[in-house]
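Notes to accompany the following structure.
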Amino acid sequence: MTMSKTVQDLLMRNLLEVFGERDPVKRRAVIEAIYAPATTFIDPEGSYSGWDGVEQAAATLQAATPGFAFSAFGDAQVLGAAVRLRWAYGPAEAPQRVTGTDFALVNEGRIVAMYTFVDAHYAARHAASGTA
């Protein structure tokens with residue numbers, strides 16, 4: 001497996017097995033496998049540190065969006081130690097309700113920093129209503 005493919009796999013695992021996983025035990029095992037212990041995770045909801053922070057962000061998202069699932073728009077793109085993945089998130093009847101991009105920095109095969117960007121059209125549409 002090439003280094004590029006390995007880095008691509010990290011973001012796909014993050015999408016599906018961390019933020020898409022509803023079982024906290026399974027989710028935590030993957031967090032510890034793919035994230036560095038002192039990682040930083042930043043999304044529109046806040047900034048989180050370490051494995052506990054990533055777990056908190058994922059658990060909060062899962063609790064607020066029952067029935068939602070993630071899907072990727074193609075493969076992750078890798079440029080050196082940086083990687084990005086476009087994604088969609090939503091219920092079965094509207095699987096692209098939310099779209100965005102994950103951008104990560106990787107060192108020694110683990111995510112050391114993750115930045116999640118939610119597309120502006122979603123944020124603008126839902127900011128006033130407070131809906132997911």
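FYI, it's all coordinate maths here, none of it is from the lab. Given the structure is predicted, the values throughout are model-derived calculations rather than measurements. Neighbour counts are summed over all protein chains in view; Cβ atoms, including those assigned to glycine, are modelled from backbone coordinates with ideal geometry.
Of note:
- Scattering profile of the chain at q = 0.10, 0.12, 0.13, 0.20 Å⁻¹ [log10 I(q)/I(0), Debye over alpha-carbon scatterers]: -0.29, -0.42, -0.50, -1.21
- Rounded if a/c under 1.5, otherwise prolate or oblate - the range 54-106, Cα gyration tensor axes: oblate
- Relative contact order of the range 15-122, defined on C-alpha pairs under 8 angstrom at six or more residues apart (%): 24 percent
- Note on the chain: antiparallel DSSP beta bridges, both residues inside, total approximately 85 percent of the bridges counted.
- Helix runs (DSSP H) in the chain reaching 18 Å along axis by Cα, Kyte-Doolittle at least -0.5: 50-64
- Residues Thr39, Thr6, Thr65, sorted so that the one with the fewest Cβ neighbours within 10 Å comes first: Thr6, Thr65, Thr39
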